[in-house]
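To start, the structure itself, in structure tokens.
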Amino acid sequence: MTFLGRVFTLIILVSSASFFVAALLANASHMDYREKLTRFRTENEQLKATVNATKAAAEKLQTSLAQEQIARRAALSALQSQLDSQNQQLAAANRQLSDLNAVNTMKNQEHSATVDLLKATQAQNDTLRTEIDKVIADRNSVRKSVISLTDLLNSLKSVETDLRDQLKQLQDQSTLYEALAITRGEALQQAGIVDVQDMPPADLRGEVLAVNNTNLVEVSLGRDDGLREGHTLDVFRGAQYLGRIEITKTQEDKAIGKVLASFRKGYIQAGDKVASKLQ
């Protein structure tokens with residue numbers, strides 16, 4: 001029972017006692033005074049006992065109510081402390097939730113950036129894959145070309161080997177022919193006969209390429225033109241005769257000769273003309 005209910009109960013008991021006393025007093029005028037007095041005293045004693053019991057009950061009730069109020073205040077204080085603690089925890093949880101939301105927002109942004117980067121990387125990978133496929137195709141084409149060139153090179157090497165063998169044979173034949181020519185020339189010289197093969201071609205013409213200070217002259221005629229070591233060429237500039245040179249070294253397209261002092265008639269320079277026979 002609550003405190004308010006207990007108070008209402010006490011008031012009802014006191015009111016009932018008051019009404020009961022008033023009823024007795026009203027009835028006393030119609031009854032015998034003594035009987036009424038005796039009865040009144042008895043009832044009064046009963047009423048006092050009832051009032052005393054009611055007071056005792058009220059005091060006990062007040063004590064219980066006070067204890068209950070103290071307990072309720074303690075419980076309320078404990079609940080308030082718990083509520084404050086829970087409010088603090090709630091505030092901390094709200095702050096943590098706010099921080100987590102901020103972190104989640106940042107993570108979402110990072111995720112979006114990562115997705116964009118992944119898409120860009122995928123596009124680059126696709127481009128690189130296309131380029132790699134092209135490079136592989138080019139490499140395969142180059143490999144086929146290399147294989148073809150290798151086959152051609154091997155074929156050319158075989159041809160080169162054959163040509164080297166033929167060249168060696170020609171060189172051996174040339175050496176033999178030179179030895180025979182030398183022997184023939186020596187025999188002709190001993191006999192006092194001039195060999196026509198030791199004379200340059202009749203209508204051989206060229207020009208002086210260079211002259212050094214040791215009387216050596218480089219001309220534009222060589223072995224391909226029929227010029228050989230020991231042949232002589234006349235040098236002229238326009239209508240002026242400058243002298244004669246004797247060939248000492250020949251190459252395919254040029255030769256070097258020395259100026260014969262007994263035939264020198266002027267200074268020889270680059271650009272002068274040479275001929276095997278003057279017109």
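The table below gives the values:
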| quantity | calculated |
| --- | --- |
| Residue-count net charge about Ala91 - beta-carbon cut-off 13 Å; Lys, Arg +1, Asp, Glu -1 | -1 |
| Listed residues Arg6, Arg228, Arg72 arranged by accessible area, highest first, probe 1.4 Å | Arg72, Arg228, Arg6 |
| Label-point separation in nm, Ser148 to Arg72, each point 7 Å along Cα→Cβ | 10.9 |
| Potential lengthening between Ala49 and Ser141 on full extension [0.36 nm per residue; Cα-Cα distance subtracted] | 20.3 nm |
| For the stretch 207-279, convex hull volume per residue from C-alpha positions, Å³ | 77 |
| Full-extension gain in nm, Ser85 to Gln169, via 0.36 nm per residue minus C-alpha separation | 18.7 nm |
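The values are calculated or read from the model by the stated rules, or taken from the named source; none is laboratory data. As the structure is a prediction and not an experimental result, all values here were calculated from the model. Because the Cβ atoms are built from the backbone with ideal geometry, glycine has one as well, and the counts that use them run over all protein chains shown. Please note that ligands, DNA and RNA were not included when accessible areas were found on the heavy atoms of the full protein model with its side chains. Shrake-Rupley method; radii C 1.70, N 1.55, O 1.52, S 1.80 Å.
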